[in-house]
Amino acid sequence: MTVYIFEFIGTAMLILIGNGVVANLVLKGTKGADLGWVGISVAWGIAVFIGVFISADASGAHLNPAVTIGLATAGKFSWGLVPGYIVAQILGAMMGNVLVWLTYKKQYDATEDSAAILATFCTVPAIRHPFWNLVSEIIGTFTLVFGIFYIAGGSIGEGAISLGSLDALPVALLVIGIGFGLGGATGYAINPARDFGPRLLHAILPLKNKGASDWSYAWVPVIGPIIGAVLAGFLFILLA
């Protein structure tokens with residue numbers, strides 16, 4: 001159970017800091033309204049660093065079903081552990097966003113813009129076009145997972161890849177780079193748990209002025225990252 005517990009904790013910390021900065025930017029009555037896209041991208045990188053550093057030694061610090069599936073596709077992680085990891089990641093993402101909600105409870109109550117409230121839970125595309133939004137998520141997640149293979153120093157024939165604590169910083173920098181370079185089209189979910197868990201929480205919580213949870217778009221940040229991760233895994237096998 002230790003690996004699942006630390007995947008839960010690591011993912012919760014990831015979402016607490018990552019969606020916390022979004023809340024600080026978009027909700028009414030905060031002190032972070034001038035953070036902008038640079039602040040969001042850097043904060044998500046810091047969130048990854050914290051989550052990976054905490055959980056790396058215990059669980060390998062996937063914190064993302066796409067990473068888990070990508071590693072399993074390349075033979076670097078046991079398929080038998082995949083379901084448990086994904087459940088832990090989704091629940092951890094939900095817990096992280098519960099903590100964001102508690103932190104900014106009064107700001108949520110003061111915010112009338114339902115789109116802003118939704119943005120603190122899940123991703124929304126800048127221009128809605130499901131096919132091209134899907135392509136954006138595939139490319140962003142491919143970049144993440146393919147980079148992780150080489151940051152972690154994996155090669156075919158060795159054991160499972162684990163993101164040790166020393167790999168936390170380069171992975172964080174990779175996420176910052178994805179945010180700067182590839183994130184503007186969809187908000188770069190690149191992580192099914194990061195989007196699905198908080199979106200489900202948004203539907204459950206008694207938020208004022210929350211509006212709809214936009215389930216018609218919810219499949220994009222789930223399917224896109226999975227496809228991108230599988231493609232990264234196959235390319236890693238071909239090149240290794």
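The values are calculated or read from the model by the stated rules, or taken from the named source; none is laboratory data. Since we're looking at a predicted model, the values are computed, not measured. Counting neighbours? That spans all protein chains shown, and the Cβs are built from the backbone with ideal geometry, glycine included.
Points worth noting:
- GLY164 falls short of the stated requirement of being at pLDDT 95 or above, closer than 24 Å to ALA152 by Cβ, out of contact with any Ser or Thr (no Cβ under 8 Å at 6 or more places or on another chain) and surrounded by fewer than 18 Cβ atoms within 10 Å (Cβ to Cβ).
- When residues of the stretch 96-116 are limited to those that are more than 18 Å from the chain's Cα centre (by Cα) and among the aliphatic types (A, V, I, L, M), the one surrounded by the most Cβ atoms within 10 Å (Cβ to Cβ): ALA116
- Selection within the stretch 68-110 - out of contact with any helix residue (DSSP H, G or I) (no Cβ under 6 Å at 6 or more places or on another chain), more than 25 Å from LEU27 (Cβ to Cβ) and not in a loop (DSSP other than H, G, I, E, B): LEU71, GLY80, LEU81, PRO83, VAL87
- In the stretch 133-152, the residues that are within 13 Å of ILE69 (Cα to Cα) form Cβ pairs under 6 Å with partners that are outside any helix (DSSP H, G or I) and aliphatic (A, V, I, L, M), at six or more places apart or across chains, as follows: THR141/ILE190; LEU144/ILE190.
- Some residue of the stretch 20-28 being among the polar types (S, T, N, Q), touching a residue at least 12 places away in the same chain (Cβ under 8 Å), over 25 Å from ILE151 (Cα atoms) and crowded, with 20+ Cβ neighbours inside 10 Å: yes
- The criterion of being part of a helix (DSSP H, G or I) and modelled with pLDDT of 95 or more does not hold for VAL52.
- Filter result (surrounded by fewer than 24 Cβ atoms within 10 Å (Cβ to Cβ), small (Gly, Ala, Ser) and assigned to a loop (DSSP other than H, G, I, E, B)) within the stretch 187-235: GLY187, GLY211, ALA212, SER213, SER216, ALA218
- Any hit, the stretch 14-34, residues being over 27 Å from PRO206 (Cα atoms), charged (D, E, K, R) and assigned to a loop (DSSP other than H, G, I, E, B): yes
- Checking ILE90, ILE69 one by one, the residue that is at pLDDT 95 or above and either of a type in the set (S, T, N, Q) or under 22 Å from ALA203 (Cα atoms) (or both) is ILE90 and no other.
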